[in-house]
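Read through the structure below, which is laid out as structure tokens, and then see the notes.
The values are calculated or read from the model by the stated rules, or taken from the named source; none is laboratory data. Owing to the predicted nature of the structure, the values given are computational and were not obtained by experimental measurement. All Cβ positions, even for glycine, are placed from backbone atoms using ideal geometry, and neighbour counts span all protein chains on display.
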Amino acid sequence: MKQDKRFKNEINRMSLQMPAISVNEGMARAAVAAFCAQLSPDATELADIKCAVSEAVTNCIVHAYKNRKGKFYITVSLFADRTVQIAVQDKGCGIPNVKAAMEPLYTTDAAGERSGMGFTVMENFMDRLHVTSRQGKGTLVLLSKRLGRSTEEE
Ligand SMILES: Nc1ncnc2c1ncn2[C@@H]1O[C@H](COP(=O)(O)OP(=O)(O)OP(=O)(O)O)[C@@H](O)[C@H]1O
Ligand SMILES: [Mg+2]
């Protein structure tokens with residue numbers, strides 16, 4: 001079978017799925033950080049990844065499943081060139097206009113508790129952010145970051 005080109009240099013991968021409830025946000029963030037630790041990211045890189053994952057997972061918890069139960073799904077791939085790729089997915093309501101939703105300060109939160117900065121944070125803390133969404137089907141957030149040279153290799 002022909003190997004998918006994107007994953008040719010993949011060296012490790014983990015997947016997890018959890019109910020989209022707020023108690024699981026910290027667990028997901030910590031699990032991703034623990035998995036990425038094998039590439040020896042520096043403290044800033046690790047903090048950036050944790051922040052981005054936290055925003056993506058919080059969106060699954062807060063926005064994806066309105067008044068119904070659902071799960072979020074995370075896959076983390078590590079590549080030989082020290083790229084970390086994180087997919088955060090839900091099977092919730094979807095986003096009608098992704099481009100608009102990604103604008104800073106855009107929020108559909110009527111209660112005034114949200115600032116509409118989640119996607120902006122993800123964009124700033126990672127190298128790449130790609131969002132695809134289908135109404136009624138769910139949302140996929142792809143985050144990637146290439147880590148600098150490991151100090152452990154010097
Ligand atoms: N997984 C998702 N499912 C459905 N809608 C989403 C999802 N993620 C984001 N959205 C929509 O995109 C909007 C913008 O998301 P973003 O994370 O930037 O801001 P926010 O969540 O409203 O506020 P903040 O992240 O600052 O608390 C949300 O208000 C929501 O309407
Ligand atoms: Mg958000």
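Some notes on this structure:
- Entry remark, the stretch 84-103: residues being over 19 Å from Glu25 (Cα atoms) and within 12 Å of ligand 2 (Cβ to nearest atom) number 3 in total.
- Close contacts from the stretch 108-132, counting a first residue that is modelled with pLDDT of 95 or more and in a loop (DSSP other than H, G, I, E, B) and a second that is among the basic types (Lys, Arg) and more than 8 Å from ligand 2 (Cβ to nearest atom), with Cβ to Cβ under 7 Å and a gap of 6+ residues or different chains, come to Met126/Lys145; Asp127/Lys145; Asp127/Arg146.
Here is a yes/no grid of residues against (1) of a type in the set (A, V, I, L, M, F, W, C); (2) touching a residue at least 12 places away in the same chain (Cβ under 8 Å); (3) more than 22 Å from Asp109 (Cβ to Cβ):
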{"site": "Arg13", "(1), (2), (3)": "no, yes, yes"}
{"site": "Gln17", "(1), (2), (3)": "no, yes, yes"}
{"site": "Asn24", "(1), (2), (3)": "no, yes, no"}
{"site": "Cys36", "(1), (2), (3)": "yes, yes, yes"}
{"site": "Ala52", "(1), (2), (3)": "yes, yes, no"}
{"site": "Ser77", "(1), (2), (3)": "no, yes, yes"}
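- Any hit, the stretch 85-94, residues being farther than 20 Å from Ile21 by Cα and either modelled with pLDDT of 95 or more or touching a Leu at 6+ places or on another chain (Cβ under 9 Å) (or both): yes
- Filtered residue count, the stretch 54-91, keeping only those that are among the hydrophobic types (A, V, I, L, M, F, W, C), more than 16 Å from Phe125 (Cα to Cα), within 13 Å of ligand 1 (Cβ to nearest atom) and outside any strand (DSSP E or B): 4
- Inside the stretch 62-75, residues that are touching a Pro at 6+ places or on another chain (Cβ under 9 Å) and either surrounded by fewer than 17 Cβ atoms within 10 Å (Cβ to Cβ) or among the hydrophobic types (A, V, I, L, M, F, W, C) (or both) make up a count of 2.
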